[in-house]
Amino acid sequence: MKSSSPARRALLPVAVTVAALAACTSTAPPTAGAEAAAPPPAVAAAAAAAAPQPVARVLAISIDGLNPDALTQLGRAGAPAIWHLVDQGVHTFEARTAVELTDTLPNHTTMVTGRAIARDRNGHGVTWNDDRTDPATVQAAAGEDVGSVFTEVSDAGRSSALFTTKEKLRLFDRSWPDGVDEVTVLGQDDALATAARDDLVAHHRAFTFVHLGGADVSGHLHGFMSPAYLDTVSRLDGLVGRLERAVRRQPQLAGTAIVLTADHGGRGESHRDPAQRVNYRVPFVVWGRRSAPGTSTTCRAGRTPTRAARRSATAPGLSPCATATSPT
Ligand SMILES: [Zn+2]
């Protein structure tokens, strides 16, 4: 028996969050008479130190096949980096995948496009989950033009990078060649996380997407939520920590928001039945700088919130062009 109707599932795509974050800046409201009554230097310095920084970059991390129950079972001792993002950011362990499928490529395509999967639901049409190159692009699958977070970032004059452990995600580069400025495909999570960290530090990307595949591999080999799977999630948590430490410690990465989610969950042998809650329930975590009380958030001049960004106003803790809110 189903625990809830898939048709009622809400969608929390990364594209919605990231497009809103990447295109927008956060500013303090103007203060009446500020010029006439400038604060003393010490006060001004303290205020500047306390002022929020605009979100200048977004790091999105997708842990393939991460059942949120793994985080609960591992606890803060077993997954300290992700729990740190949870504790200091905004999160839900009750986010939902797209309703139609719980497979890696279709659901990642939903993340970056903000669209459903099925074409008759105005979806992107990517229903396969292998390395095929025909259809060659998301546009070919959809039969129409399809934008993505990569095109949003590119249209804003900024740079994106994609780091993935799975060859099939090259679909994104083929679909948005002008939007994805750097693509790295490495089968090994540890090497991939290092490459992503080095790129984060060396380049001023507005958007970096990191896809870690080990938990899904372990789930298929040993069973999702098995001890071996949990060990792998704990190991991947260490790689999240590697990225998180770079964001915290490197001055050039100040103003980076981190989004962490998954394409599907899983329990036992598989994650393929989209009617099963254990498959369609995923974590969704957003961590970033605190927005000080009284600050307002505005879109960059000349830009308006996208339709997807306006929809995100219904997501907990998010609003069109909102900055992520949390202590650092
Ligand atoms: Zn899988």
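Collect the residues in the stretch 71-90 that are under 19 Å from Thr256 (Cα atoms) and of a type outside the set (S, T, N, Q), keeping them in residue-number order. Give the steps one after another, and end with the answer.
Of all residues in the stretch 71-90, those under 19 Å from Thr256 (Cα atoms) come to 81-90.
Residues satisfying the conditions are Ala81, Ile82, Trp83, His84, Leu85, Val86, Asp87, Gly89, Val90.
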Residue satisfying all of: in the stretch 136-193; assigned to a loop (DSSP other than H, G, I, E, B) and either aromatic (Phe, Trp, Tyr) or at positive phi (or both); nearest to the chain's Cα centre (by Cα) among these: Trp176
His108 fails exactly one of (1) away from the ligand (no atom under 16 Å from the Cβ); (2) touching a residue at least 40 places away in the same chain (Cβ under 8 Å); (3) within 18 Å of the chain's Cα centre (by Cα), namely (1)
What number of residues within the stretch 111-131 are without any contact (Cβ under 8 Å) to a residue 12 or more places away in the chain and either in a loop (DSSP other than H, G, I, E, B) or touching a strand residue (DSSP E or B) at 6+ places or on another chain (Cβ under 7 Å) (or both)? 1
Can you name the number of the only condition in (1) closer than 24 Å to Gly214 by Cα; (2) out of contact with any helix residue (DSSP H, G or I) (no Cβ under 7 Å at 6 or more places or on another chain); (3) of a type outside the set (Phe, Trp, Tyr) that Thr165 fails? (2)
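Residues being among the polar types (S, T, N, Q) and farther than 18 Å from Leu243 by Cβ: count how many of those fall in the stretch 169-192.
Here is the first cut: in the stretch 169-192, the residues among the polar types (S, T, N, Q) are 175, 184, 188.
Of the ones still in play, those that are also farther than 18 Å from Leu243 by Cβ are 175.
Here the count works out to 1.
Of all strands (runs of 3 or more DSSP E) completely enclosed by the stretch 217-306, which ones contain at least 1 residues that are modelled with pLDDT of 95 or more and within 16 Å of Leu85 (Cα to Cα)? Let's see the steps before the verdict.
On the way: elements: 256-261, 281-287, 296-299.
Qualifying strands (runs of 3 or more DSSP E): 256-261, 281-287.
The values are calculated or read from the model by the stated rules, or taken from the named source; none is laboratory data. Keep in mind the model is a prediction, meaning the values are calculated, not measured. Heads up, the Cβs are rebuilt from the backbone with ideal geometry, glycines too, and the neighbour counts pull from every protein chain shown.
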